[in-house]
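Peer 1: Structure provided below as structure tokens; questions to follow.
Each reported figure results from applying straightforward, stated rules to the coordinates on display, with no laboratory input. Small disclaimer: the values here were computed from a predicted structure and weren't measured. All Cβ positions, even for glycine, are placed from backbone atoms using ideal geometry, and neighbour counts span all protein chains on display.
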Amino acid sequence: MSNDHTPQHELVIIGAGPAALSAAIYTTREDIETVLYERGVIGGLAAVTDIIDNYPGFSKGVTGLELADSLRDQAERFGAKIELGEVKSITDEGAFKRLVTDSGELLARAVLIATGSDYMRTGIPGEEKYYARGVHFCATCDGAFYRDKKLVVIGGGNSAIQETLFLTRFASHIDILVRSTLKASDVLIKEMQPFIDSAKITLHIGVTPKEIVGDENGVNKVVGINKDSKEEDFNCDGVFVFIGLKPNTAFLKSSKVELDERGFVITNQDLETAMPGVFAAGDVRSGATMQIASASGEGATAALKIREYLEGRGREIKSAPLSVTS
């Protein structure tokens, strides 16, 4: 046997969105050494949201970037360390969990999975081919490229209508394709109505997108199937897809962390997964409400449960020998 010189941490948080950063604020204030690993944007999807209007304490709303920056600054002020990198797997080694990252391996006494979700794709022809060349998933990121242009939005939920309202700042006209029924909240539908009345937005209920068509210059139309089963062309300069979110849990598929049928992490009432010492919070967790305020609250709850877990293991965890076979 020889000593394992793999870097050790008390807590590793996978992700750096609202749940992760909120958890880090609590754990670092409790003097729990905390490192966050984020493969994308600090703040997660919240950071690329234009205006967050329902986060408590901001009576006039707050931009996603401002909220993300504030959470990051607060977590770092208490001592949290944020590393840019991707965690590829987790294995249980008893008192320690071994994480394989794209920059090497590390050990953690506790782990919080807070990887959030990503945008779902339609899977129709042309979507991948024209990705970033006319097909987009973030209005805040790419909407300004379409000033005085025609757009198609695919989706009928809250995110689709919210993002459409943002796109009205730039586009000359927007066709919204809704496959079944409009599922957005009454508040958003009411907010959208003046744009429908002025013909800036046209709502197409019962239209299923079939193909995104373009040429060397980018996208020029979306072909849809209407409720009469007939093809219909929607000429446009760009397409924005907002049909929901999928959890970022591919790295857990071969682990002992249990996932539900949609790939979300299953936890108990303490937000602990089937792997002892590994917790989950935020949009990645099965049963999550997909709200930023809820994610932050779950992050705080997870932090308190992690503290209890570490205190409960106490000396056993802190004195566990680290060794590997030569």
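Peer 1: In the range 135-241, if the dipole is taken from +1 on Lys/Arg beta carbons and -1 on Asp/Glu beta carbons about the Cα centre, which of 189, 151, 235 is farthest to the positive end?
Peer 2: Selected residue: 189.
Peer 1: How high is the relative contact order of the chain? Use alpha-carbon pairs under 8 Å, at least six apart in sequence, and give a whole percent. Don't jump to the answer; show the numbers that get you there.
Peer 2: Values: 724 pairs, mean separation 70.4, N = 326.
Here the relative contact order equals 22 percent.
Peer 1: Can I ask one more? Using the Cα centre as the reference, give the magnitude of the dipole from point charges on the C-beta atoms of the chain (Lys, Arg: +1; Asp, Glu: -1; all else neutral), rounded to the nearest 20 debye. Show your work: numbers first, answer last.
Peer 2: Numbers: 35 positive and 46 negative charges, 41 e Å.
For this selection, approximately 200 debye.
Peer 1: Shape call for the chain from the C-alpha gyration tensor, a ≥ b ≥ c root eigenvalues: rounded (a/c under 1.5), prolate (a/b greater than b/c) or oblate? Walk me through the numbers on the way to the answer.
Peer 2: On the way: a/c = 2.54, a/b = 2.04, b/c = 1.24.
Note, shape of the chain comes out prolate.
Peer 1: Right, another one. Exposure proxy check: 251, 78 ranked by fewest other beta carbons within 10 Å?
Peer 2: Numbers: 251 20, 78 15.
Lowest to highest Cβ neighbour count: 78, 251.
Peer 1: Here's something else I'd like to know. Would you be so kind as to identify which of 37, 271, 131 lies farthest towards the positive end of the dipole of the chain, taking Lys and Arg as +1 and Asp and Glu as -1 on Cβ and the Cα centre as origin?
Peer 2: 271
Peer 1: Let me ask something else about it. For the cross-link pairs 150/246; 81/253; 150/210, which exceed 23 Å when the distance is taken from alpha carbon to alpha carbon?
Peer 2: Details: 150/246 28 Å; 81/253 27 Å; 150/210 19 Å.
150/246; 81/253, as the Cα separations exceed 23 Å there.
Peer 1: If you count, for each residue, the other Cβ atoms within 10 Å and average over each peptide, how do 120-130, 297-307 line up from highest to lowest?
Peer 2: Numbers: 120-130: 15.5, 297-307: 22.6.
Top of the packing list down: 297-307, 120-130.
Peer 1: Counting only DSSP beta bridges with both residues in the range 41-139, tell me the antiparallel percent, nearest 5. Provide the component values of the computation, followed by the final result.
Peer 2: Values: 13 of 14 bridges.
Taking every DSSP beta bridge within the range 41-139, about 95 percent pair in antiparallel fashion.
Peer 1: Let me ask another. Given Cβ point charges of +1 (Lys, Arg) and -1 (Asp, Glu) and nothing else, what value in debye, to the nearest 20, does the dipole of the range 135-241 about its Cα centre take?
Peer 2: Details: 12 positive and 15 negative charges, 52 e Å.
Computed about the Cα centre, the dipole is about 240 debye.
Peer 1: Then there's this: Given a cut-off of under 8 Å on Cα pairs at least six residues apart, what relative contact order in percent is computed for the range 225-274? All intermediate terms of the calculation are to be shown ahead of the outcome.
Peer 2: Values: 27 pairs, mean separation 11.1, N = 50.
The normalised contact order for the range 225-274 reaches 22 percent.
Peer 1: What nm value, rounded to one decimal, do you get for the distance between residue 293 and residue 190 when each label is placed 7 Å out toward the C-beta?
Peer 2: The two pseudo-label positions are separated by 1.7 nm.
Peer 1: Kindly point out, ordered by number, any Cys in the chain whose beta-carbon has no other cysteine beta-carbon under 4.7 Å away.
Peer 2: 236, each lacking another Cys Cβ under 4.7 Å.
Peer 1: For the peptides 168-180, 215-227, what is the packing order when you average, over each peptide's residues, the other Cβ atoms within 10 Å and list the highest mean first?
Peer 2: Working: 168-180: 19.5, 215-227: 15.5.
The most tightly packed comes first, giving 168-180, 215-227.
Peer 1: With charges set only on the Cβ (+1 for Lys and Arg, -1 for Asp and Glu), what does the dipole of the range 217-258 come to about its Cα centre, in debye to the nearest 20?
Peer 2: Details: 6 positive and 6 negative charges, 73 e Å.
Taking the Cα centre of the range 217-258 as origin, the dipole is about 340 debye.
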